[in-house]
Structure formats: structure tokens, C-alpha cells
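Colleague: Once you've had a glance at the structure underneath, I'll fire off some questions.
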Amino acid sequence: MTQDQTSGTEAAEETLKRLRAELEDARHLYDATLDHSEAIEHQLAEKNTELKRLSEKLSLYLAPQVYEAIFSGRRDVEIHAARKKLSIFFSDIVGFTEITDSLEPEELSALLNEYLTEITATAHRHGATVNKYIGDAMVAFFGDPETAGERTDALRCVEMAIDIQARLRSLRSTWAARGVQRPFHCRIGINTGYCTVGNFGSATRMDYTAIGGDMNLAARIQSLAPKDGILMSHSTWALVHDKVPLAECEPATLKGFAAPIRLYRVLSEPSGASDGAIIRKGTGYDITVDPDALSEDTRDAVKRAARDILRRLGD
């Protein structure tokens with residue numbers, strides 16, 4: 001082998017060594033990049049899991065419809081409200097103040113949470129926006145953030161109320177079997193009307209809710225509803241009377257409303273009356289009066305109705 005050939009071979013070997021070293025460095029860099037990429041993917045997966053857990057916790061503080069609208073981008077988180085026609089639901093436990101005096105706090109809390117869980121689940125099945133809990137009361141409505149039309153919204157609201165009363169009848173049997181001496185009974189009020197609904201508050205704290213006279217009217221109607229009963233306004237009656245059996249009640253003068261309010265009682269649920277109730281039914285008449293469940297104002301209204309019935313019957 002000549003000197004030139006030897007030099008060429010040595011140069012080739014040096015070049016080969018250098019290429020091998022560069023390839024080894026490239027492999028180490030690739031492995032390091034791959035490890036870093038996998039670490040980043042792992043961190044991203046952990047962050048996504050953490051965000052999912054956080055969003056699931058946050059969803060418990062919002063109505064499902066509102067939560068979905070915010071996280072899908074269809075609703076901005078800003079102070080904004082609009083006028084919408086809503087069918088509004090108010091429920092309240094009968095005699096809750098007296099019940100609190102007869103139960104230990106732990107037992108009362110467990111019973112109240114069970115009650116609210118059941119009626120909220122029923123509300124969600126019907127598509128209601130559960131707006132808030134006020135102690136033992138629940139406020140819900142149909143018409144925002146989604147609406148199926150005012151007639152369908154009103155009918156769903158009434159059907160939800162009927163189902164809630166039916167669920168409570170079943171719950172009372174369960175509670176009685178567990179030895180609960182004073183199981184819950186509730187009264188329900190429904191009204192349909194225009195409200196201002198949206199986000200209210202400040203730049204640092206907002207609350208999604210609805211306000212307006214028709215919200216107040218629903219609350220007032222609820223206070224007049226009979227034990228285990230459902231009472232509604234004329235505006236709701238006009239939308240559902242061809243679908244739900246109803247009976248018109250004595251008009252009531254309510255605080256904050258100048259004119260008497262026409263009221264209607266749902267007839268598709270049992271009376272829920274106490275043992276001392278007066279119940280008379282027959283062809284052409286259906287009378288249920290529960291003296292224990294009457295407020296003073298309602299008691300006077302019943303007396304006036306009785307006198308009017310006697311006058312019209314000619315007695």
C-alpha cells in the first residue's frame with residue numbers, strides 16, 4: 001500500500017469516527033427530546049385531569065344549561081342581562097320553622113339535603129334551570145338560557161311540579177319507614193311573565209339569576225298554595241289549561257300587587273290534606289278544605305267563598 005493510500009484510509013476512518021460521534025450525539029439529543037416531549041405530554045395530561053376535576057366541581061355551582069353555555073363559548077362571563085319570558089317555579093316546605101325545632105341539626109341537614117337532591121333531579125329531568133336555593137325553598141325556571149317556546153316551557157314547568165309532588169309522596173313513605181316523625185310536605189307556586197335574566201353583580205363576583213315583578217309574583221303565589229298543592233297564575237293557566245286539569249280559586253290580593261290575582265289549582269295530584277280536612281266530592285262539586293293548612297287570609301277567603309256558595313244555592 002502506498003503512502004497516499006494509507007493517508008486516504010486514515011482520513012476515511014477519521015471521517016467515519018466523526019460521523020459516528022455526530023450520530024451518537026444526535027441519538028442522545030433525540031432521546032433527550034423524546035424524554036422531554038413525553039414529560040410535557042405527561043404534564044399536559046395531569047393539567048387536563050386537574051382542569052376536568054375543577055370544572056366538574058364548578059359545575060355543581062351552576063345550572064347544567066348555564067355551565068354548558070359558558071364552557072362551549074355560547075355565553076360570555078360578563079355582566080349582562082336581557083328580557084325573557086319565563087315560567088317560574090317556587091317551592092317551599094310547609095311548616096319548616098316548626099320542623100327545625102323538632103329535629104337535631106344533623107338529622108335536619110341530612111333530610112333537607114335528601115329532599116333538595118330529589119326535587120333538583122326531577123327538575124333537571126324536565127329541563128328546568130335550577131336558579132337557587134333559599135334555605136328550604138327552591139327557585140327554578142324555563143325559558144333561559146334555552147327555550148322550547150312559551151307554551152312548552154309553561155307545560156314543562158307544570159309537569160315538573162306534578163312530578164315533584166309525586167316524588168315527595170314516595171319519599172314520605174320512605175321517611176316514615178325510617179322513623180322520621182315529621183316528613184316534609186311542600187307547596188308550589190308557578191307564574192309566567194317577562195323577567196330580566198342574566199349575570200348580575202360586579203367585575204369580581206357575579207350571580208346568574210332572574211329579577212322582576214313576575215319573579216316576586218311566583219313567590220307570593222307559592223305562599224298561598226295548599227299543603228302538597230300546586231297553584232298558578234292566570235298567565236300560566238292560559239298556556240296549559242287545555243293540557244292540565246285545573247280549578248279556579250278565589251282571586252287573592254297580594255302584597256306589592258294592586259289588582260287581585262286570579263289563581264288556579266292543579267287537580268291531578270292528591271289533596272295531601274290532614275286528618276282534620278273537610279273533603280266532599282260528588283256530581284257537580286269537589287270540595288276540600290284543610291283548616292290546619294290555612295293562613296288567616298286564606299281562611300277568610302274560604303269563609304267568603306262558603307257564604308257565596310250558600311247564597312247561590314238559595315240557602
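Colleague: For a 27 Å ceiling on Cα separation, which of these pairs sit above it: Lys255/Lys303; Lys47/Lys132; Lys132/Lys303; Lys85/Lys303; Lys84/Lys227; Lys84/Lys255?
Modeller: Violating the 27 Å limit, Cα to Cα: Lys47/Lys132; Lys132/Lys303; Lys85/Lys303; Lys84/Lys227.
Colleague: A follow-up question, please. Pop out the carbon and sulfur fraction of the accessible area of segment 206-249 as a percent, whole number, probe 1.4 Å.
Modeller: Result for segment 206-249: 52 percent of the exposed heavy-atom area is carbon or sulfur.
Colleague: Of the heavy-atom accessible surface of segment 106-166 (probe 1.4 angstrom), what whole percent is carbon and sulfur?
Modeller: 49
Colleague: Follow-up question, since we're still on this one. Once phi is turned into θ = phi - 60°, what whole-Hz ³J(HN,Hα) does the Karplus curve with 6.51, -1.76 and 1.60 give for every residue of segment 247-252, x standing for Gly and Pro?
Modeller: Those phi angles translate into 10, 6, 9, 5, x, 10 Hz.
Colleague: Right, another one. How much accessible area per residue does segment 210-266 have, counting only protein heavy atoms and a probe of 1.4 Å, in square angstrom?
Modeller: Ligands and nucleic acids excluded, the figure is 46 Å² per residue.
Colleague: For Asp25 and Ala148, compute 0.36 nm times the residue count separating them, minus their Cα-Cα distance, and round to one decimal in nm.
Modeller: 37.7 nm
Colleague: What length, rounded to one decimal in nm, is gained on full extension from Leu16 through to Thr117, with 0.36 nm per residue of separation minus their alpha-carbon distance?
Modeller: 28.9 nm
The values are calculated or read from the model by the stated rules, or taken from the named source; none is laboratory data. All figures in this text were calculated on a predicted structure; none of them were measured in a lab. Keep in mind that these areas ignore ligands, DNA and RNA; they rest on the heavy atoms of the full protein, side chains included. Shrake-Rupley method; radii C 1.70, N 1.55, O 1.52, S 1.80 Å.
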